[in-house]
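To keep things clear, I will list the structure first and then write my remarks on it.
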Amino acid sequence: MWVDYNEGLVCCFHLTSKKYSATKIAETVMVAIPTSSNNLIVAVNKRICIYDPEKKELIKEVIIQENKPDNRLNDGKCDANNRLWIGTMNNSAENGEGALYKINADLSYEKMDVAFTLPNGIAWDKQNKKMFVVDSMMKKIFCYDFDLEKGVISNKSVLIDTAGEKGLPDGMAIDEEDNLWVAFWQGGCVVRYKTKTGKVLDRIKTPADIPSSCCFGGEALDTLFITSSRKYDTIENIRKFPMSGGVFTVKPGVKGMITNFFNEG
């Protein structure tokens, strides 16, 4: 499952049957994650919504009130206690205007950190002691101490500075060895980083200049799925990479961890 942000679609591809489907949710959609009630929690502009796939409608919603009319929601992911963590950003990516929020089962929300510019990929280590968050425009990956039971973060630090990489760090996944896989927007690759040292362990070139995110899947969780963008690419790049905008798979030689769903109250 993945989103087509600009078309407002939630797209699905069944690996066994090879069947593809796409559902229009809204004008744009940033996040789509299954819930404990077989619905989807989706991010639409400033709104966190519950989408009922049987009724084909949004049945609950909350507006993230920031007193910032030019801000919207961006990337998000659920922790092991099934709460949604999601960033906000200014539509013009103005410096420090974004924030990080936690969304609870009843759709109540809390602001957890501030001064982001373009918060993106999120991941947690296997022990749920560390939380990692990308800021694309800052070209940094931040690390927090994470308390799973209380759902709080502390001791923010810069884990990896990607200033030397082409492109911007975007969506992110973590493998069972607690190393991070980061898609580089306009960088044409996904990079694997060792979380303890920030060292580059692996680099996968993609058949698109703008890989946007990645996650592990398949029955053995040994396949890395990589999404990409086409709309924001150049005509020259699209001629060079005609599959831009596609979803790609690779077996990187390491397994990932199960993606958490949202606990819908």
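The values are calculated or read from the model by the stated rules, or taken from the named source; none is laboratory data. Just so it is clear, the model here is predicted, and its values are computed rather than measured. Every residue, glycine among them, receives a Cβ derived from its backbone with ideal geometry; neighbour counts consider all protein chains shown. Ligands, DNA and RNA are excluded from the accessible area calculation, which covers all protein heavy atoms including side chains. Shrake-Rupley method; radii C 1.70, N 1.55, O 1.52, S 1.80 Å.
In the set F216, F225, F241, only one residue is at pLDDT 95 or above, touching a Pro at 6+ places or on another chain (Cβ under 7 Å), of a type in the set (F, W, Y) and surrounded by 15 or more Cβ atoms within 10 Å (Cβ to Cβ); that residue is F241.
Out of D202, D170, D233, D222, which single residue is more than 27 Å from V10 (Cβ to Cβ) and of a type in the set (D, E, K, R)? Just one listed residue meets the conditions, D202. One residue is enough: does region 142-161 have a residue meeting the conditions under 25 Å from F241 (Cβ atoms) and not in a strand (DSSP E or B)? No, that holds for no residue. Pairs linking a residue in region 186-206 that is on the phi > 0 side of the Ramachandran plot to a residue that is assigned to a strand (DSSP E or B) and open to solvent by 70 Å² or more (accessible area, probe 1.4 Å), with Cβ atoms under 9 Å and 6 or more positions apart or on different chains, are G188/K205; G198/D161. Of the residues making up region 109-141, those that are under 22 Å from I64 (Cβ atoms), in a loop (DSSP other than H, G, I, E, B) and open to solvent by 30 Å² or more (accessible area, probe 1.4 Å) are M137, M138. Every condition in (1) touching a residue at least 40 places away in the same chain (Cβ under 8 Å); (2) within 20 Å of the chain's Cα centre (by Cα); (3) surrounded by 15 or more Cβ atoms within 10 Å (Cβ to Cβ); (4) under 22 Å from E110 (Cβ atoms) is met by W2 except one, and the failing one is (4). Residues considered: V254, V182. Of these, the only one that is in a loop (DSSP other than H, G, I, E, B), open to solvent by less than 20 Å² (accessible area, probe 1.4 Å) and within 21 Å of N128 (Cα to Cα) is V254. The sole residue among D106, D170, D145 that is open to solvent by 10 Å² or more (accessible area, probe 1.4 Å) and closer than 26 Å to N67 by Cβ is D106. When the criteria are applied in full, E54 fails the requirement of being crowded, with 16+ Cβ neighbours inside 10 Å and part of a loop (DSSP other than H, G, I, E, B). Scanning region 192-213 for residues that are surrounded by fewer than 22 Cβ atoms within 10 Å (Cβ to Cβ) and of a type in the set (A, V, I, L, M) yields V200, L201, I204. Taken together, V114, V152 contain a single residue that is closer than 26 Å to I258 by Cβ and of a type in the set (V, I, T), which is V152. Residue pairs whose Cβ atoms lie under 8 Å apart, separated by 6 or more positions or on different chains, with the first residue in region 59-77 and surrounded by fewer than 16 Cβ atoms within 10 Å (Cβ to Cβ) and part of a strand (DSSP E or B) and the second at pLDDT 95 or above and among the acidic types (D, E), are I59/D52.
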